[in-house]
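K.L.:
To start, I am sharing the structure in question, which I have written as structure tokens.
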Amino acid sequence: MKLDAIIAPVQSELKHFEQHFRRALRSDVGIVDTVVRYMVKRKGKRIRPALVLLSAAASGGIDEATYRGAALVELLHTATLIHDDVVDDAGTRRGWPSINAIWKNKVSVLLGDYVLSRGLLLSLENEDIDFLQSTSTAVKRMSEGELLQIQKSRQMNTDEETYFRIIGDKTASLLATCCEIGALSATRDEQIVDAMRTYGETLGIAFQIRDDLLDFLGTEATIGKPVGGDLKEKKLTLPLIHAFQNAPSSDRKRVIRALKSGVRRKDIKEIVAFVQKYGGITYAERVANDHRDRAIDMLKSIPESEAKRSLVALADFVVARKK
């Protein structure tokens, strides 16, 4: 099933969400308004607000608090993307020039701060304290995950346990927050809220493992970014970690030398072959599928609905996607 079909049950609600999102970003400072309008034009698929809306619909129903929660997580996500582009010195974002490429780093960092503050104020003004608790935890975890990955990429010693800590914090924490906030906006049933949060966390891990697999299996045309990007940044992801565990010392040392000295185009092909030879691809696919199954299991306590079926389909989608 395609992504558009999966989020179809909340398509009209996503349009209403856009109004909340744009309203939250308004400013009477000219440069802020100019950059925000440019940023809003480049919107992505809105997966995270869709996840908030689907989680609310599956947990009891969508109301105004749901839209505020969806706006909060999208504001948080947008702020992190703006800051990430500065950290990575990225020149483009979704095929458009990045904000830092046009307005430079100082404006980008300050705009990211502004976007994050608007999300916090949105929640405070409406006394959505439980939403703030959830997003604050996500921000903490995302920051720790990024910093831990930087540390481990320098040391070149990421093991499987550390890898799962990194992707849980970097990626899964925000998806867990999306599902938790959606459920909180619809119900006070702690069992449902816990199930939805765990669904989001497990979905996020499956999503990131698939993303890491595409760095070995995809093409630049399909995934929209250079293949082997993680290798060039010396990030040890699950396929490579598992291959290291199975490979003889001589082969493992050869790959580590290539990573340390700077991966070239010809090295990428050799490392991909190394990962395939020693079972890294097959293993990572199996682990991603296991997490998909666990995510779907978490929905068993949720009443049947169109939204629940979409959440199940989304779990299947994240491990099968090609980009």
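Throughout, read-outs are computed from the coordinates displayed, never taken from laboratory work. None of these values were measured; they are calculated from a predicted model. Backbone-built Cβ (ideal geometry, glycine too); neighbour counts: all protein chains shown.
K.L.:
Among the residues that make up region 274-291, is at least one of them hydrophobic (A, V, I, L, M, F, W, C), farther than 27 Å from ARG197 by Cβ, surrounded by fewer than 19 Cβ atoms within 10 Å (Cβ to Cβ) and free of Cβ contacts under 8 Å to residues at least 40 places away in the same chain?
P.N.:
no
K.L.:
Of the residues in region 93-108, how many are surrounded by fewer than 18 Cβ atoms within 10 Å (Cβ to Cβ) and in contact with a Phe, Trp or Tyr (Cβ under 8 Å, 6 or more places away or on another chain)?
P.N.:
So the answer is 1.
K.L.:
Same structure again: Considering only region 109-211, give the helices (runs of 4 or more DSSP H) lying wholly within it that have at least 1 residues that are buried (at least 24 other Cβ atoms within 10 Å of the Cβ), at positive phi and of a type outside the set (D, E, K, R). Before the answer, list the steps.
P.N.:
Values: elements: 129-155, 160-167, 173-184.
Output list is empty.
K.L.:
Would you check if ILE62 is touching a strand residue (DSSP E or B) at 6+ places or on another chain (Cβ under 8 Å) and closer than 22 Å to ARG23 by Cα?
P.N.:
So ILE62 fails the test.
K.L.:
Also, quick follow-up: Does ASP85 satisfy being free of Cβ contacts under 8 Å to residues at least 40 places away in the same chain, in a helix (DSSP H, G or I) and more than 22 Å from the chain's Cα centre (by Cα)? I'd like the intermediate steps shown before the answer.
P.N.:
On the way: free of Cβ contacts under 8 Å to residues at least 40 places away in the same chain: yes; in a helix (DSSP H, G or I): yes; more than 22 Å from the chain's Cα centre (by Cα): no.
The answer is no for ASP85.
K.L.:
Also: Which members of region 4-25 meet the condition of being exposed (fewer than 12 other Cβ atoms within 10 Å of the Cβ) and among the acidic types (Asp, Glu)?
P.N.:
Passing the criteria: only ASP4.
K.L.:
Moving to a separate point now. Condition check: without any contact (Cβ under 8 Å) to a residue 60 or more places away in the chain, part of a helix (DSSP H, G or I), in contact with a helix residue (DSSP H, G or I) (Cβ under 9 Å, 6 or more places away or on another chain) and crowded, with 19+ Cβ neighbours inside 10 Å. Does LEU240 satisfy that?
P.N.:
Yes.
K.L.:
Would you call VAL29 among the hydrophobic types (A, V, I, L, M, F, W, C), more than 21 Å from GLY200 (Cβ to Cβ) and touching a helix residue (DSSP H, G or I) at 6+ places or on another chain (Cβ under 8 Å)?
P.N.:
Spelling it out, it is not the case that VAL29 is among the hydrophobic types (A, V, I, L, M, F, W, C), more than 21 Å from GLY200 (Cβ to Cβ) and touching a helix residue (DSSP H, G or I) at 6+ places or on another chain (Cβ under 8 Å).
K.L.:
Could we say that ALA90 is surrounded by fewer than 23 Cβ atoms within 10 Å (Cβ to Cβ) and outside any helix (DSSP H, G or I) here? So that I can check it myself, show each step before the final result.
P.N.:
Working: surrounded by fewer than 23 Cβ atoms within 10 Å (Cβ to Cβ): yes; outside any helix (DSSP H, G or I): yes.
Yes: the conditions hold for ALA90.
Here's the yes/no breakdown for (1) in contact with a His (Cβ under 9 Å, 6 or more places away or on another chain); (2) touching a residue at least 24 places away in the same chain (Cβ under 8 Å):
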{"position": "PRO97", "(1), (2)": "no, no"}
{"position": "ASN105", "(1), (2)": "no, no"}
{"position": "SER108", "(1), (2)": "yes, yes"}
{"position": "PHE131", "(1), (2)": "no, yes"}
{"position": "ALA138", "(1), (2)": "no, yes"}
{"position": "ILE167", "(1), (2)": "no, yes"}
{"position": "THR171", "(1), (2)": "no, yes"}
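K.L.:
Out of (1) closer than 22 Å to VAL318 by Cβ; (2) part of a helix (DSSP H, G or I), what's the single condition that is false for LYS253?
P.N.:
(1) is the only condition that LYS253 fails.
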